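A.B. asks: There's a structure below that I have some questions on.
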Amino acid sequence: YAKAHHRGTAVLFSVEHETQLRSQSVIEQALRHADLSQEMALVYQPIVDVRTGRTVAFEALARWTSPDVGPVSPAVFVPIAERSGLITRITEVLLGQALAAAKAWPDRVALSFNLSMADVASPQAAAGIVAAIRASGLAPGRVILEATETALIQDVAQAQRVLETLKANGIAIALDDFGTGYSSLSYVHRLPIDKLKIDRSFTSEITTDRACRDIVTSIVALARNLTLDCVVEGIETPEQARLLESLGCVLMQGYHFHRPMGFSDTLRYLDAEAVRSIRAVQAVA
Ligand code: C2E
Ligand code: MG
Ligand code: MG
Ligand code: MG
């Protein structure tokens, strides 16, 4: 019985695996035939300085709605696009949209844009990114490019050259999902990084797990010593925000502050924020 049962499980497993593989190739086909500039869009999530309560940047997050397969999360389609070589074109389309959006924001608001593995692995891709930023007329100092450690360690020497090029052009670099990789510390030292983004997995356990708090405290101290900015991701509750603030975190991002929103909502949101801070100044005066 045990054997039969075991075999049954194995069969279920492989069917599941096969379904997954099949849907991956369906997604890849849909992506190949997609009208990227129509089907790809960005939503924007504020990164807030909790000392002032104001938005210092928006992170652009990709959304793809395929007429064939419906909405597909970037966590699913980005890796598929990487493997099939479609990511370069996707980055180009999305970066164009993001730069146009950022031009409509006040100068003090930066754009944080996610790079893929392919973008940090190729000098041509990096040159394309620099050219797009130049052509947009947005000050490069208002652009932050986010890369994960996983993307950077594929070829550290190449990534280092790419990041140096971006930095030489006045663009800031953030290390995304910090703390989840293999050996983050050696890369923080070797790569020209301006910001660390502490991964959401730390935030979600911050109020319940002592070790998590200690890790965040250490990362904040590390960032301060290396004069890097530190952004905490995935804050969902006021308790998490308060605790993180007590640990010295000042730049925060998460549903507690705002969910990612469409471009026109960013303009309304920034207006409301400006009105709020004028009122606050008037209340003090
Ligand atoms: P990421 O860069 O670490 O982005 C943060 C993710 O956390 C986003 O998921 C965001 O919607 C989500 N998030 C933000 N606040 C909260 C919160 O309080 N709670 C929870 N549970 N989640 C929160 P999203 O938009 O699904 O993106 C997933 C990943 O896909 C991103 O992780 C990034 O690695 C990648 N990605 C997104 N957009 C792009 C893009 O334009 N290009 C590339 N190459 N990758 C992208
Ligand atoms: Mg990111
Ligand atoms: Mg992240
Ligand atoms: Mg993440």
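A.B. asks: Could you look through region 221-236, keep only residues that are in contact with a Gly (Cβ under 7 Å, 6 or more places away or on another chain) and within 19 Å of Glu146 (Cβ to Cβ), and pick out the one that is farthest from ligand 2 (Cβ to nearest atom)?
C.D. replies: This residue is Ile235.
A.B. asks: Hey, does region 190-207 have a residue that's in contact with a Pro (Cβ under 8 Å, 6 or more places away or on another chain) and either among the hydrophobic types (A, V, I, L, M, F, W, C) or within 16 Å of ligand 1 (Cβ to nearest atom) (or both)?
C.D. replies: no
Conditions tested, residue by residue: (1) open to solvent by 50 Å² or more (accessible area, probe 1.4 Å); (2) at pLDDT below 95; (3) closer than 24 Å to Cys230 by Cα.
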{"residue": "Ser112", "(1), (2), (3)": "no, no, yes"}
{"residue": "Gly128", "(1), (2), (3)": "no, no, no"}
{"residue": "Ala174", "(1), (2), (3)": "no, no, yes"}
{"residue": "Thr180", "(1), (2), (3)": "yes, yes, yes"}
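A.B. asks: From (1) within 16 Å of ligand 2 (Cβ to nearest atom); (2) modelled with pLDDT under 95, pick out the condition that doesn't hold for Ala98.
C.D. replies: Failing condition for Ala98: (2).
A.B. asks: Here's a follow-up. Any idea which of Val188, Val231, Val250, Val220 is closer than 24 Å to Val162 by Cβ, more than 15 Å from ligand 3 (Cβ to nearest atom) and open to solvent by less than 60 Å² (accessible area, probe 1.4 Å)? Steps first, answer last, please.
C.D. replies: Details: Val231 fails: more than 15 Å from ligand 3 (Cβ to nearest atom); Val250 fails: closer than 24 Å to Val162 by Cβ; Val220 fails: closer than 24 Å to Val162 by Cβ.
The conditions single out Val188.
A.B. asks: Of everything in region 191-208, what is open to solvent by less than 50 Å² (accessible area, probe 1.4 Å) and either away from ligand 3 (no atom under 16 Å from the Cβ) or over 25 Å from Ala151 (Cα atoms) (or both)? Give them in sequence order.
C.D. replies: Matches in region 191-208: Leu191, Pro192, Ile206.
A.B. asks: Consider Asp119 against the criteria (1) over 13 Å from Ala60 (Cα atoms); (2) away from ligand 1 (no atom under 11 Å from the Cβ): it satisfies all of them except one. Which criterion is unmet?
C.D. replies: Only one criterion in (1) over 13 Å from Ala60 (Cα atoms); (2) away from ligand 1 (no atom under 11 Å from the Cβ) is unmet by Asp119, namely (2).
A.B. asks: Return the residues of region 223-238 that are assigned to a loop (DSSP other than H, G, I, E, B), more than 16 Å from ligand 1 (Cβ to nearest atom) and on the phi < 0 side of the Ramachandran plot; say none if nothing qualifies.
C.D. replies: Leu226, Leu228
A.B. asks: Further question on the same structure: Hey, among the residues in region 188-220 that are under 18 Å from Asn114 (Cα atoms) and not aliphatic (A, V, I, L, M), which one's nearest to ligand 2 (Cβ to nearest atom)?
C.D. replies: Once the filter is applied, the top-ranked residue is Lys197.
A.B. asks: Which residues, counting only those in region 114-126, are in contact with a strand residue (DSSP E or B) (Cβ under 9 Å, 6 or more places away or on another chain), open to solvent by 10 Å² or more (accessible area, probe 1.4 Å) and assigned to a helix (DSSP H, G or I)?
C.D. replies: Met117
The values are calculated or read from the model by the stated rules, or taken from the named source; none is laboratory data. Everything numeric here is computed off the predicted structure, so don't read it as measured data. Cβ: placed from backbone, ideal geometry, glycine included. Neighbour counts: every protein chain shown. All accessible areas refer to the heavy atoms of the entire protein, side chains included, with ligands and DNA or RNA removed. Shrake-Rupley method; radii C 1.70, N 1.55, O 1.52, S 1.80 Å.
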